1. Quick one: count up the residues across segment 52-90 that are without any contact (Cβ under 8 Å) to a residue 60 or more places away in the chain, surrounded by 15 or more Cβ atoms within 10 Å (Cβ to Cβ) and within 15 Å of A14 (Cα to Cα).
2. Please find, within segment 31-75, the residue that is nearest to the chain's Cα centre (by Cα) out of those that are of a type in the set (G, A, S) and over 20 Å from Y17 (Cα atoms).
3. Report whether or not A49 is without any contact (Cβ under 8 Å) to a residue 12 or more places away in the chain, touching a strand residue (DSSP E or B) at 6+ places or on another chain (Cβ under 9 Å) and either of a type in the set (S, T, Y) or not in a helix (DSSP H, G or I) (or both).
4. Return yes when V6 is in contact with a strand residue (DSSP E or B) (Cβ under 9 Å, 6 or more places away or on another chain) and modelled with pLDDT under 95 and no when it is not.
5. For segment 71-81, state whether one or more residues are of a type in the set (A, V, I, L, M) and within 25 Å of A104 (Cα to Cα).
6. Name, by its number, the condition in (1) free of Cβ contacts under 8 Å to residues at least 40 places away in the same chain; (2) out of contact with any His (no Cβ under 8 Å at 6 or more places or on another chain) that does not hold for I96.
7. Would it be correct to say that K31 is at pLDDT below 95 and more than 18 Å from E72 (Cα to Cα)?
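The values are calculated or read from the model by the stated rules, or taken from the named source; none is laboratory data. Because the structure is a prediction, the values reported are computed rather than measured. Cβ: placed from backbone, ideal geometry, glycine included. Neighbour counts: every protein chain shown.
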Amino acid sequence: MKIIAVTACPSGVAHTYMAAESLKVAAEESKVCESCFVETQGQIGIEDALSPTQIQAADVVILTNDIGIKNEERFKGKPVLRVHAGDLINKSPIIIEKLAQKLA
């Protein structure tokens, strides 16, 4: 499974980056995740912007729903899961496993 994600939070500081890191670590440790690319939309702007190639190759998109995500139209036609940043921080392995089951 190929995952792309965009994380953001109201303050654009801690939770944005904690959620991104948690998801990346869980994806690396997962047996079902082939790749995981995460764009952050924090206080200093967009970092690690997802490329059109990464978006096209993705099986699923994870978006944090704590605040609006910029340029969300890029993901039209892709399955999108919206979660709170706190859930990505605390439950990324579970989220990945459930996505894999759903996409199987």
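1. So the answer is 4.
2. A58
3. In short, yes.
4. Details: in contact with a strand residue (DSSP E or B) (Cβ under 9 Å, 6 or more places away or on another chain): yes; modelled with pLDDT under 95: no.
Answer is no for this residue.
5. yes
6. The failed condition is (1).
7. Yes: the conditions hold for K31.
This table checks each residue for (1) small (G, A, S); (2) in a loop (DSSP other than H, G, I, E, B).
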| site | (1), (2) |
| --- | --- |
| I3 | no, no |
| A20 | yes, no |
| A27 | yes, no |
| K78 | no, yes |
